[in-house]
Each structure stands twice: as C-alpha cells, then as structure tokens.
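In what follows, a single structure is set out as structure tokens and then discussed.
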Protein chains: 2
Amino acid sequence: MSTLQTERLNLTALGRAAKAASRTLATLPAARRHAVLAALADELERRADELLAQNALDVDDGRAAGLSEALLDRLLLTPERLAGLAADTRRVIDLPDPVGREYDHRTLPNGMRLYKRRVPIGVLGVIYEARPNVTIDIATLCLKTGNAALLRGGSETLRSNLALVDVIQAALERTGLPRTAIQYIGDPDRALVTELLRLDAYVDMIIPRGGAGLHQLCKEKSTIPVITGGIGICHLYVDESADLERAVDVVENAKVQRPSVCNALDTLLVHRSVAATFLPAVAARLARHGVELRAEPAALEILQAGTHGASVTPAGLYDFDQEWLSLVLGVKVVDTLDEAIAHIQEHSTGHSDGILTTNQAHAARFIDAVDSAAVYVNASTRFTDGGQFGLGAEVAVSTQKLHARGPMGLEELTTYKWIGIGDGHVRA
Amino acid sequence: MSTLQTERLNLTALGRAAKAASRTLATLPAARRHAVLAALADELERRADELLAQNALDVDDGRAAGLSEALLDRLLLTPERLAGLAADTRRVIDLPDPVGREYDHRTLPNGMRLYKRRVPIGVLGVIYEARPNVTIDIATLCLKTGNAALLRGGSETLRSNLALVDVIQAALERTGLPRTAIQYIGDPDRALVTELLRLDAYVDMIIPRGGAGLHQLCKEKSTIPVITGGIGICHLYVDESADLERAVDVVENAKVQRPSVCNALDTLLVHRSVAATFLPAVAARLARHGVELRAEPAALEILQAGTHGASVTPAGLYDFDQEWLSLVLGVKVVDTLDEAIAHIQEHSTGHSDGILTTNQAHAARFIDAVDSAAVYVNASTRFTDGGQFGLGAEVAVSTQKLHARGPMGLEELTTYKWIGIGDGHVRA
C-alpha cells in the first residue's frame, strides 16, 4: 500500500473493491460473519508483539513531535489494551444480529406480499483521529453487520493502523473472505479525505469521529450522506421544584465524571427561586473537582456573594456556545421554565439535555419542547452512550435528524429493502 | 414577498422563522394539526376562482414561452384538479398519525426508564419542478406530521404557487398557527437554491423532487442531509424457469403502464435458454404500444430474425445506463442468473428491480444479491409507490441507504428522540 509513495493512492480502485466486497459480505450467513470476528480476536492475540512494536514506533514519533501526554495515552496500545480489543471483538459475536430480520409484512389488496428486510448499508467511510482502537472497533462492528469499510485514521497512528488492518485482512483471508472488505487509506495526502467524501459511486455512508472541524469538513464537502454528531453542548435545567440535594449529585456527575466527552455537561441553568440556595451548594461540590464556573450576571452575583471555593468568572459572549470538554461550566439563572427551554433551543447542539424537577407537568413540557437526541428527566446527561443504553456497541452519536439519533449501535449500521412477492402481478 | 424585487430575499430570516414555527408545530396535538388541514381544504374550495385565475396566467406565459403540451398539462390546474387537491387534503387527516408514538421501552439495570418517541423532523426544504399540486401535497404532509417547510417550485408556476401558499398561510392563520410554518421562496434568483442547501442552521432535511440534475446539485452543494432518489434505472430479469405468458404481461405493464415515471422498466434481461421464445413474444406485445427496443448483439440477432412489429435498433454504449422515461426499452440476453445479477449491480440505480421465475432458489438468490430499495419476484416494478405500498401518501422515493428507502410516507417524515426518566440517576 505504501510502496509507491510517488504515485497517489487510487481511491476509486479501493472504492470499487470495497463495493464488490460488500456484496459478498451482504449475503453471508451470521456464522461466517462471526467466524471472521473469532479469527480476528485470535490474530490480535497471536500477533500482539508485532502490533505493540509498530505502535511503539508511533508513540516514539509522537513523543518526539511533542504530542501531549493525554494524546500519547490515547495513541498507546499495551498488552492489556490489545487483550481488551480481542475480548471486545469476541463479545460482538454474541450481540443480537440485526441483519436479515424481516418485518412490516403486509398483503396488498391485489394479493401481492410485501415486507421489509434489514440489510447492511454497504460501504462505510470512517474518518477518525489518533486512536488505534477505533480501527478494531469499527472493523468489528462493520463485519458483524456485513458492511465493508474504508478507514482513514490520524497520521500519528499510521503504523499502528496499518498493522491492525493487516491483522484484520489476515483474519478475512483465513476465513475465505475478501481482504478488501476492510481497507485503510494509508497515503497521508490530505486531499484523499476530500476525495473519499466524494466517492458516492461506492461509499454509502460517511462516519466522522473527531472534533467539530472534521464534522464541518464532512458536511461541507461530502456528496455521501454523513452522520454528523459527537458535538454536545449539553444542558441541565434545575427547576424550582427540583430535589436540590439530588440535583447537586446529578450536576456533579454530568460535569466531572468524564469531562472530556461529548455528553458531559456544558451549561447549568437554574431557576431564580432556587438559585440562591442551589448555586453555592453546587459550586462547593464542583470546587472539589476544580471546576471553573463562567457565570452570567445574575448567577455571578449569587456566586460571588457565597463562599464555596469554586473559581467564578463572568461568562464571555460565546461561553454558552462552548462544548467545554474540560472542567469548565457555564452557569445561568433563568426566570421560568420557558426561558430555560428557549436558552436550550438556541444554544444546544441537540445531543443531550435534561431537566431536574419534581413537577410532572414541567417534565412533560420540557420533553416536548427540547428537541435533542436524548432528553432526560432527573438524570445525568452522561447516559447518552450505546453501552449505557443497552445497544451493546456504539459506532457514533448522531446529532442530525435522519436515519438515527443519539447512540448508533449495530441496528443503525443496517438499512432495509422492500421485498415484493407476486404471482405475475401488474399494476392496474 | 415580491414587493422588493431589488433586494435579495433574506433566506436566513425565512429559515429562522421556519425553525421557530416548527417548534410550535412539534408540540401540537393531532387535533390542531388536523384542524389546519380541514381549513386548508375549505380555503382551496372557497378561493378556487382566484387560484385558477393565477394558474391561467402561468399557463398563458408557459404557452407563450413555448412549453410543450405535456409540460403545460402538468402545470395546469382545473376545477376538478383543485377539488381533487381539497379531497386529498381531507384524506390525509384520516391517515394514521405517526407523531408522538412511544416505543422501544426499556429499564436500564440502574432503574432508569428509557424509550423513544417519534417526533417531527423539524424544517424541510423541498425543491421541485413545475407542478403546483406538489405545493399542496408537501404542505399537507408536512403539517400532518408537525414539520415546517421552505418550498421552492419551478419558475413556470410561480403565480400558482404564490397563490396556493397564500391559501395555506390563510388556513394556518385561521387556525391560530404561524403563517411561517409553510413558506415559499418566491424570488426567482437561482442562487437562492444553493443558499437554501446551505441553511443547515435551520433546515433539517432537503427533499429534491425533479430530474437527475436537481438531485446531483443537491448532493454536490447541500450541507443538509438530502433524500436523493426518484431516478430509477429499473430491471426485470426473465429467468429460464419463468412463466413466459405471465412474464409478457408483467414486462408490458412495467414498461407501458406509465412510461414517464421512475419505476417504469428500463432494461429487460432474458436468460439465453428462453430468449428465442420470449423475445419475439414480448416484442410483439410491446409493439402494440409503440415501444422501441435497444438490443445488445445476442438479443438483436433474435429480434431481427423474428416478426413482431417492434422497432429494434442496436443498443448504444450507454443505453443500459439510461432512465428512459419514455417508450424505449433496453434488451439483453444473459447466460446465467449471476450474469443478470451482475448486470443489475452494475447498472441499477437501486430503485426497483425484479426477477420473473418459478424457481424458488433463484428468487431467493436474486432477493439476497440485488440491493435495491424494492426487489420484486414475479411482479411489475410499477408497484414502488407510497399509495401502492399502503403508506397512504408519498413524499419522495429514496434510492439512498440512510433514513428511508423506496417510497417515503408520513412515518418517514418523522424521526425519534430518546427520553430518559430517572430519579436522580448518575452514571457510575
């Protein structure tokens, strides 16, 4: 793949091969899809030394290039992490198989039978950043659901990814399947990303896994349907009727349990009637974790009057349009439920938003009016996750409206076809 | 809307108003959505003279501009057609309401309740050509499902569409809803189409209804998810085991019952072992309707040897990549089922393809391998239609893989949100 670096990678050829492979995958019984996953888990174990060696080269280069320790840690494979990937791959075998399910059966007035069958989507283009585990995750979920994939990871993990894809392709070959079912775009030329986004003749869906810039690039350039998402400006609204003690726990969990992820809390809205009580209490709890508060004037006044140990600064102009991904929290006092809803409608990215209340009517109104992929009542926003939702896996979190919203699992890697069975039926 | 033709229409303002209106629509009970449809049907009847007068001006201009009689007919409103639109609008009231349905209920191990609710998509951008009835169709289906819409029709029907949208907005106003729920982009500036395609801050889905050029433009330029479709290069394969008499009927129906539409037959594939019998028979039947055949060499040889009255010419290089939309049919002889499948995989647009066979194993293999929105056994491709499929309505026919495939009815104008109900639940 990288022998002819002077010649640009022929992405059309990769696409054509992926489409052909997808046709083979699409008609496989589950047993054969599972056989390749079992083989992949075995190969990951058998070739661990080689994988760790390639990864060590990536990590060395990354360190030399001055990557942060956090980034180096995401890049790193260890014997334990590799064993975890093999175990995850085996677990996917046991997940329910969505492919082939037939449903929505009907018989038309003319006697023709009609139903839907769930089928793989075809070829997925997945663009992700420096995490080699994504290569195995995505390949595993694609193969489970009979999809082919073109993968493009971050340049910092090129050696790791090429080694992992070689292992995947060996598993495919060992089980009699085309190596081209999972292919990696190893040429570092960035123009290939744009080219991939226009390969609509062969690629059926683009999944970007990365920051806002990557999602924007995909939206702008892709002629292929894109699952945009993963960007969460998430809100919790503490209603006047909220159980304030529990509310402190929920806000703490949503903000600090894992601040670097998309379903972590970004903005806290508090009803004016409970603000003087609640804000100092929640600030004191958040201060234990070193959370910095960015408060609009009314919240700022209350927070500056109290003693709670948290760092508080005035909210800037765009602080309520920030996905913090860190220990920072925007705070705002609102006069009414409607003001809270209006703020969320204006600033939310439609990922995860919640209300903390004991008032059923307020909960119902919030659920109706807040149009996010996941809407919570008295719960942390951190639950928006394929594993937490019981989907068994997560490919991406969608914040657009079509196909799937929120966590996408195996079912969301399938589509359906209509099947009509007649007996010489013609349309009248 | 057209008073300040010197100033370009502010599409962002329209988008913002549409999004605000969509929030009102999204929380309406069915009774209020139905009230506006009833009011619309009444207004269409009450203001028929005005609508017909505006339409007559469009038709006069179209005739002066040299539009074909076929196009003028599509453009024309008559008292009967208007009455039909009013009746259709009333019928939509009685269709099952997909909005608000709650499903996929689960209780997580921690006791949190989780379920999905079907909700409107939000704001639809619909771009269509010279058929004023589409204005009412789309508005009706959007209002039924609680969606707002920005409409952009063909310039030939501008007066008709402005008059129709005025009627729709009057019905909205009469029933206490925002007029901005359905808005029309009346400025003829073509740049506004491209601008609409980039209005992703407010528009959730683009539905193009028109030819291949329009679909391609939307794919290229849109930053909003697009439902591409409506282009059908449709195939029927006559297997060696087919009931040939019935096959003649099915091919005839698929080709001639309405040749100008996307689900009409474009290419006929015939197994070599039955070609000498079947081709002259089907040619004779098609000759009655004036169908012209474009045959590859093997089919050509058989057809030129027989007497059947049909016009036959050699197939050109791209004749198997044509959506004919007219009384032309590509014809090809194949040696095997696999060759038929391979031809379809190569040339189909994934709309509607079928096999005519009495061999169950062949039918099963065809269904498995042909990845089209609708796959038929012993039936005409003409069935791919929301009305025929019992969906009650049709917004578009999708040939892409995400969200919906084939005919899209009311359910496909909705999406879902996840709702999580906790009791102070936090993620462990």
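Net charge near B:Asp385, counting Lys/Arg +1 and Asp/Glu -1 over other residues with Cβ under 12 Å of its Cβ?
Local charge sum for B:Asp385: +2.
Looking at the stretch B:179-221, which residues lose a minimum of 50 Å² of accessible area between their chain alone and all protein chains in place, measuring with a 1.4 Å probe and not counting ligands or nucleic acids?
The answer is B:Lys219, B:Glu220 - residues whose exposure falls by at least 50 Å² when every protein chain is included.
Within a 10 angstrom radius of each residue's Cβ in A:372-378, how many Cβ atoms of other chains show up on average? Whole number is fine.
6
So for the stretch B:7-132, what are the equivalent ellipsoid semi-axes in whole Å, largest first, each being the square root of 5 times an eigenvalue of the Cα gyration tensor? Can you show the working numbers first?
Working: eigenvalues 313, 76, 42 Å².
After diagonalising the Cα gyration tensor, the semi-axes are 40, 19, 14 Å.
Round to a whole number: what % of the accessible area of the stretch B:1-73 belongs to carbon and sulfur, probe 1.4 Å?
The value for the stretch B:1-73 is 54 percent carbon and sulfur by accessible area.
Using only alpha-carbon positions, what ratio does the radius of gyration of the stretch B:59-152 give when scaled by 2.2 N^0.38 Å?
My calculation over the Cα atoms of the stretch B:59-152 gives 1.63.
Round to the nearest 10 and give me the degree value, 0 to 90, for the angle of helix A:30-46's Cα axis relative to the longest principal axis of chain A.
The answer is roughly 80 degrees.
Using a 1.4 angstrom probe on heavy atoms only, work out the carbon and sulfur share of the accessible area of the stretch B:183-337 in %. All intermediate terms of the calculation are to be shown ahead of the outcome.
Values: 2990 of 5870 Å².
So the carbon and sulfur contribution to the accessible surface is 51 percent.
Assume the label is 7 Å from Cα along Cα to beta carbon: what separations in nm does B:Asp49 have to the matching positions in the other copies?
B:Asp49 label point versus its equivalents elsewhere: 9.5 nm.
Just the number, please: Stokes-Einstein D of the protein assembly as shown in µm²/s, Kirkwood Rh from C-alpha pairs, 10 °C, 1.306 mPa s.
Values: Rh = 29.1 Å.
Approximately 55 µm²/s, per Stokes-Einstein.
Summing both sides, how much accessible area is buried between A and B? Use a 1.4 Å probe and give Å² to the nearest 100. The partial results should precede the final answer.
On the way: alone 19140 and 19110 Å², together 32020 Å².
Buried area (both sides, nearest 100 Å²): 6200 Å².
Can you show me the helix-derived [θ] at 222 nm for the protein assembly as shown, built from DSSP H runs with n ≥ 4 at -39,500 (n - 2.57) apiece and divided by the number of residues, rounded to the nearest 500.
Counting only the DSSP helices, I get -13000 deg cm²/dmol.
Report, by chain and number, residues whose modeled amide H sits under 5 Å from the one on A:Val226, excluding near sequence neighbours (fewer than 5 apart, same chain).
Hits under the 5 Å cutoff: A:Ile206.
Sorted by mean Cβ packing within 10 Å, highest first, what order do the peptides B:59-68, B:235-244 take? Provide the component values of the computation, followed by the final result.
Working: B:59-68: 13.2, B:235-244: 23.0.
With the highest mean Cβ count within 10 Å placed first, the list reads B:235-244, B:59-68.
So what's the angle, to the nearest 10 degrees on a 0 to 90 scale, between helix B:212-221 and the longest Cα principal axis of chain B?
The two axes meet at around 50 degrees.
Size of the dipole of the stretch B:95-209 about the Cα centre, Lys and Arg at +1 and Asp and Glu at -1 on the beta carbon, nothing else charged, in debye to 20?
480
For the rotation taking chain A to chain B, which residue of A has the Cβ nearest the axis, and how many Å away is it?
Residue plus distance in Å, as requested: A:His403, 2.
Can you compute the charge dipole magnitude of the stretch B:20-82 about its Cα centre, using +1 on each Lys and Arg Cβ and -1 on each Asp and Glu Cβ, nothing else charged? Give it in debye, rounded to the nearest 20. Before the final figure, lay out the partial values.
Values: 8 positive and 11 negative charges, 112 e Å.
The dipole of the stretch B:20-82 has a size of about 540 debye.
Express the relative contact order of chain B as a whole percentage, based on alpha carbon pairs under 8 Å and six or more residues apart in sequence.
With pairs under 8 Å counted, the relative contact order is 17 percent.
Please report, for the Cα atoms of the stretch A:254-353, the Rg to one decimal and the Dmax as a whole number; what are they, in angstrom?
12.5, 34
At 0.36 nm per residue, minus the direct Cα-Cα distance, what do A:Ala305 and A:Thr78 gain on full extension? Give it in nm, one decimal, please.
76.8 nm
Find the all-direction average of the projected area of the Cα convex hull for the stretch A:214-271, expressing the result in square nanometres with one decimal place.
Here the figure is 5.2 nm², rounded to one decimal.
If eta is 0.890 mPa s and T is 25 °C, what Stokes-Einstein diffusion coefficient results for chain A, Kirkwood Rh from Cα pairs, in µm²/s? Can you show the working numbers first?
Working: Rh = 23.6 Å.
So the translational diffusion coefficient is about 104 µm²/s.
Give me the inter-chain shielding for B:105-114: mean count of other chain Cβ atoms within 10 Å, whole number please.
The mean count of partner-chain Cβ atoms within 10 Å per residue comes to 3.
Measuring with a 1.4 Å probe in the full set of protein chains, what accessible area per residue, in whole Å², belongs to the protein assembly as shown?
I get 37 Å² per residue for the protein assembly as shown.
Taking each residue in A:223-231, count the Cβ atoms of any other chain within 10 Å of its Cβ, then average. What number comes out?
Whole-number average of other-chain Cβ neighbours for A:223-231 is 3.
Just to confirm the number: angle between the C-alpha axis of helix B:79-94 and the first principal axis of chain B, 0 to 90 degrees, nearest 10?
70
Gap in Å between the Cα centre of the stretch B:53-115 and the Cα centre of the stretch B:383-428?
Using only Cα atoms to place each centre, the spacing works out to 17 Å.
For the stretch B:97-239, count all C-alpha to C-alpha pairs, find those more than 22 Å apart, and express that count as a whole percent of the total.
48
Which of the peptides B:137-149, A:176-188 is most tightly packed, and how do the rest follow, going by the mean number of other Cβ atoms within 10 Å of each residue?
Highest mean packing first, the order is B:137-149, A:176-188.
If you count, for each residue, the other Cβ atoms within 10 Å and average over each peptide, how do A:362-373, A:27-38 line up from highest to lowest?
A:362-373, A:27-38
For label points placed 7 Å from Cα toward Cβ, what is the shortest-first list of nm distances from A:Arg8 to its copies?
Reported distances to equivalent positions: 3.1 nm.
From the label point of A:Arg63, set 7 Å from Cα along Cα→Cβ, how far away are the matching label points in the other copies, in nm, ordered shortest to longest?
From this label point to the equivalent ones elsewhere in the assembly: 8.5 nm.
The values are calculated or read from the model by the stated rules, or taken from the named source; none is laboratory data. Note that the structure is predicted; figures quoted are calculated from it, not measured. So basically every Cβ, Gly included, is an ideal-geometry build from the backbone, and we count neighbours across all protein chains shown. Note: areas computed on protein heavy atoms with side chains; ligands, DNA, RNA excluded. Shrake-Rupley method; radii C 1.70, N 1.55, O 1.52, S 1.80 Å.
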